[in-house]
Amino acid sequence: SLGLRRNDRWLFRGINWEVPRGRVVAVVGASGAGKSSLLACLAGQLAPTEGTVRCHLADGTRPPAACQPRFGVVFQHFALSPTSTLLTNVLCGRLGRYPWWRTLTGFPRADKLRAWALLCDLGLGTLAHRRANEVSGGEQQRTALLRALHQEPEYLLADEPVSQLDTYLAGRVLGLLRQEAHEKRRTVFCVLHDPALVD
C-alpha cells in the first residue's frame with residue numbers, strides 16, 4: 001500500500017488502488033491533507049515512503065518514472081511560457097513526440113489545427129495569439145489543461161484544474177476531462193478543492 005511521510009507525519013497511508021483505464025478519480029480533501037503530494041507520487045515526481053506505483057500499459061507494466069511521455073500533468077502554477085502565445089503553449093504539449101530538430105521550423109499543420117480546436121472548445125479561440133502573461137489566471141489555467149490534453153497522454157493528472165474558474169467554466173472543464181476518459185480511455189486523476197464538484 002502507498003504511503004508518504006513528512007516531518008514525522010503521514011500525509012497519506014494505506015492507499016491500495018487499481019484503477020481501470022478510462023476512469024476519472026477525484027481526490028478531495030482539506031488543504032494540507034497531501035492531495036498534491038499524492039498526485040506527485042502517482043506521476044513519479046515524488047518517491048513514496050512506502051509502497052509502489054505501477055502503470056499498466058499496452059506494452060507492459062512499469063513504474064511512472066519509466067513512462068513519463070505517457071503522462072500529462074496540469075500543475076497548480078500552470079508552468080506556461082509567459083511570453084509565448086496560448087496557441088504555442090498548447091502546441092508545446094506535442095514536443096515530446098518529435099526529435100528536437102523537427103519543430104525548429106514550426107509544428108505540423110495537423111497539430112496546429114487540433115490545438116486551435118481545443119482552444120475554441122474552452123472559449124479561448126479569440127485569445128489564441130495573445131501571450132500567456134497578457135490573459136487572466138483562469139485563461140492561463142485552461143491553457144495549461146489543454147497543453148496536457150494536446151500531449152495525448154494515457155494518464156492525465158490535474159492538480160486543482162478549476163480553482164480559478166466560475167461554475168460554468170468549471171463544469172465545461174470537468175465535462176471535458178470525463179469525455180477524454182470515456183471516449184479516449186485516458187485515466188484521469190483530478191485534485192479538487194470543492195466536494196460539490198464531484199458527481
Exercise for review: Can you tell me which of 23-32, 154-163, 133-142 comes out highest on packing, and rank the rest after it, using the mean Cβ neighbours within 10 Å?
Suggested key: 154-163, 133-142, 23-32
Revision key, fill the gap. Mean accessible area per residue over the chain (1.4 angstrom probe, all protein chains present, square angstrom) is 52 Å²
**Study point:** Ratio of the Cα radius of gyration of the stretch 89-137 to 2.2 N^0.38 Å, where N counts its residues
**Key:** 1.23
Check your understanding: Just for the Cα atoms in the chain, what are the lengths along the principal axes, largest first, rounded to whole Å?
Key -> 48, 38, 33
Point to revise | Against the rule of thumb 2.2 N^0.38 Å, how large the Cα Rg of the stretch 72-172 comes out | key: 1.01
Review point. So what is the 222 nm mean residue ellipticity for the chain from helices alone, if each DSSP H run of at least 4 adds -39500 (n - 2.57) and you divide by all residues, rounding to the nearest 500 deg cm²/dmol?
Key: -9000 deg cm²/dmol
Check your understanding: Between the helical axis of 167-184 and the dominant principal axis of the chain, each derived from Cα atoms, what acute angle in degrees is found, rounded to the nearest 10?
Key -> 80 degrees
Check your understanding: Relative contact order for the stretch 46-199: what is it in percent, counting Cα pairs under 8 Å that are at least 6 residues apart?
Key -> 28 percent
Exercise for review: Would you work out what percent of the accessible area of the stretch 1-144, with all protein chains in place, is carbon or sulfur (probe 1.4 Å)?
Suggested key: 52 percent
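The values are calculated or read from the model by the stated rules, or taken from the named source; none is laboratory data. Just so you know, these numbers come straight off a predicted model, no measurement behind them. Cβ coordinates were reconstructed from backbone atoms using ideal geometry, including for glycine residues, and neighbour counts include every protein chain displayed. Areas reflect the complete protein model, heavy atoms only, side chains present, ligands, DNA and RNA absent. Shrake-Rupley method; radii C 1.70, N 1.55, O 1.52, S 1.80 Å.
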